[in-house]
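First comes the structure, then the notes that go with it.
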Amino acid sequence: MFAMPHLNKRLMLRTGFISLSIILLILLAPSLTLHEDGDVLADPSSSPSIDSARPNGWNWDSNQEKWFNSVGGHKTNTNTKNGWSTKTKAKLKDLINLNVNVNGKKWKDAQETLYGRNGYENGYEGQGKDGWVDLERELLVTKYEGGTPGYQVFSNLYLVNSVLTSVVPSTNQLIIPDQGMENEMQMDMDMQEHLSEESSPYKKFPDVKYIMSSEKRGVVAGEDRWKVVDQDVGREEIGKKGFRLGGVTYIFNDPPGPDGYLVYFRHFVLEAFLGATRVLASTLSGSSVTPTPKRVWFPRCGSEPSWRDDRGENAWFLAQALPAATIEDKHGWEDKNTAGLPILLEKVVIIDRWAAHSSGGEVGKWGKMNALIPSLPAAQTFWEPIRSNVMRSLGVDGHTGIGSRGLPVIVYVDRQKENPKMRQADHNALVEGLMSLTNIAEVHVARIAAMSKARQVELMGRAQVIISIHGDELFTSLWMPQRENSLVIELFEEGGFVRDFELLASGLNHKYVAISGDSLLPEEKWRESGSTKGPERDKGEISINTELIIRTIEETLNIHSIAED
């Protein structure tokens, strides 16, 4: 004999809501037709329609309102000239957000109108633009786009009273089962949650410790800095009106001064900024163009201590790379808190050094927050917008990416006045060997440290191969064009290796070769050994197999020539 399941209060309420929703769908079904390509279309003469040209995406005429109000004796609880009340529309939005199947097809277009394909471009003027938003009418759901610990990308993230707030779908939304699913009354809440996660177009948020840290190093951010609310709570807490800031925002959540490492160019640009840009590029499936940020925020850095370094390198970089971007520190953050106006951020990259280090693994092994960055897929030329802006700012963008004779450019960084340096005999042999390549390449032996920034960027902006002993001059590989065969050769003493510039080269999609003394240092070997120091380094002079360098360059250039032919 068939046994009725035990009906507790929660199950009865859930069953009632599901039954009401199914009745509503049955009544709506006659007015829905299936387009030949499989999309569900509504007959505007018989049912409410969705109009993406309107600010809220809805278009109700008086006949449609009368028709729907007659269903089940439903009446709106407010008098409106243009259709349903805001409360009623909000409820229907929640229903559509369930990914309800009609004749086996999801209301994808409706959902994109409600939440925006990439945030809100279907419902407003367009992607990347600023403007007022009616949060009471349309509170967009926050979407996690992807990332890695310490570098996380979100769309539709809210700034409310200096707290970054994520809005998630309301927990009371119901999942309508597909046709043919039987014994639905026996499905427990765990199964409902499972179905909700499986059907949701939104990725699950990472643990907060991988997103943001608090004022105290190593402690996860609390609700004074990061908060997650559902739509029902959000409508009450966030407010009725807000202002949308379109485009991309970089938020560096690290503290000021040496404690946050932002005051060091190599840590700010090579690790934090470059890492953020590659992570952003990794979320843009199928796109070869990475948008540059319209604003850069340092919510924990004031005038002193600051994110600025003593030499002005950080400020110089941002001014050249992002000439149109606005830069704000904690004072601007506090001003927004004082104003109390909710801000909707179209797309945000949150960068947090201690959130990155909380992951352990490769980051812990190398002591580098960006240790996982090269593993993320990104378009070959994702860095090109930044590189091009710097070249334009310095007036060297008219130079081509090849030598004056149409040949690839090789740059050997001369560090003979630095410490450590190459043995003089090896240096001379390397220069001689490079000059033997002038029939296939344009060769430069350059003292980078003695050059102006414009000259550095101009020369490296044409390079295809860079050779240097491990040292800060390799920063300038930032400006080398990202080609299939762009190559960085880093030279170490016998038994030595440091990964800093391997991460830079790989993060920029350049090929990387490490030479330690008289032999190549393959990746599997340096990964196994980690950071090491050879005895020659303290002596200030190292020995290098120069023939190995020349052979490596010839192989790279020959491969390039064959590919072009």
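Per the listing Phe501, Phe475, Phe492, the residue uniquely among the aromatic types (Phe, Trp, Tyr), closer than 26 Å to Thr277 by Cβ and open to solvent by less than 10 Å² (accessible area, probe 1.4 Å) is Phe501. Looking at this structure, is Gly398 surrounded by fewer than 16 Cβ atoms within 10 Å (Cβ to Cβ), modelled with pLDDT under 95, closer than 20 Å to Leu503 by Cα and among the small types (Gly, Ala, Ser)? Spelling it out, it is not the case that Gly398 is surrounded by fewer than 16 Cβ atoms within 10 Å (Cβ to Cβ), modelled with pLDDT under 95, closer than 20 Å to Leu503 by Cα and among the small types (Gly, Ala, Ser).
Quick check on the stretch 515-537. Is at least one of its residues out of contact with any Pro (no Cβ under 8 Å at 6 or more places or on another chain), in a strand (DSSP E or B) and of a type in the set (Gly, Ala, Ser)? Yes, there is a match, as at least one residue in the stretch 515-537 is out of contact with any Pro (no Cβ under 8 Å at 6 or more places or on another chain), in a strand (DSSP E or B) and of a type in the set (Gly, Ala, Ser). Of everything in the stretch 248-266 that is in a helix (DSSP H, G or I) and in contact with a helix residue (DSSP H, G or I) (Cβ under 9 Å, 6 or more places away or on another chain), the residue that is farthest from Cys301 (Cα to Cα) is Arg266.
Among the numbered conditions (1) assigned to a helix (DSSP H, G or I); (2) within 23 Å of Ala379 (Cβ to Cβ); (3) among the hydroxyl-bearing types (Ser, Thr, Tyr), the only one that Thr290 does not meet is (1).
When Phe205, Phe243 are checked against the criterion of being open to solvent by 10 Å² or more (accessible area, probe 1.4 Å) and not in a loop (DSSP other than H, G, I, E, B), a single residue qualifies: Phe243. Residue count for the stretch 208-239 under the criterion of being closer than 21 Å to Gly147 by Cα, in a loop (DSSP other than H, G, I, E, B) and in contact (Cβ under 8 Å) with a residue 60 or more places away in the chain: the result is 4. The condition of being within 22 Å of Ala378 (Cα to Cα), among the acidic types (Asp, Glu) and either open to solvent by 10 Å² or more (accessible area, probe 1.4 Å) or out of contact with any helix residue (DSSP H, G or I) (no Cβ under 7 Å at 6 or more places or on another chain) (or both) does not hold for Glu458.
Within the stretch 503-543, track down each residue that is closer than 24 Å to Gly361 by Cα and in contact (Cβ under 8 Å) with a residue 60 or more places away in the chain. Scanning the stretch 503-543 gives Leu503, Leu504, Ser506, Gly507, Leu508, Asn509, Gly530, Ser531. Counting the residues of the stretch 491-514 that are more than 21 Å from Trp383 (Cα to Cα) and either outside any strand (DSSP E or B) or of a type in the set (Asp, Glu) (or both) gives 5.
Residue check: is Leu135 surrounded by 15 or more Cβ atoms within 10 Å (Cβ to Cβ) and modelled with pLDDT of 50 or more? It is true that Leu135 is surrounded by 15 or more Cβ atoms within 10 Å (Cβ to Cβ) and modelled with pLDDT of 50 or more. Close contacts from the stretch 305-318, counting a first residue that is part of a loop (DSSP other than H, G, I, E, B) and a second that is open to solvent by 50 Å² or more (accessible area, probe 1.4 Å), with Cβ to Cβ under 8 Å and a gap of 6+ residues or different chains, come to Asp309/Tyr264.
The values are calculated or read from the model by the stated rules, or taken from the named source; none is laboratory data. Predicted model, so just to flag it, every value in this text is computed and none were measured. Cβ sites come from the backbone with ideal geometry, for glycine too, and all protein chains shown count toward neighbours. Surface accessibility is based on the protein's heavy atoms, side chains included, excluding ligands, DNA and RNA. Shrake-Rupley method; radii C 1.70, N 1.55, O 1.52, S 1.80 Å.
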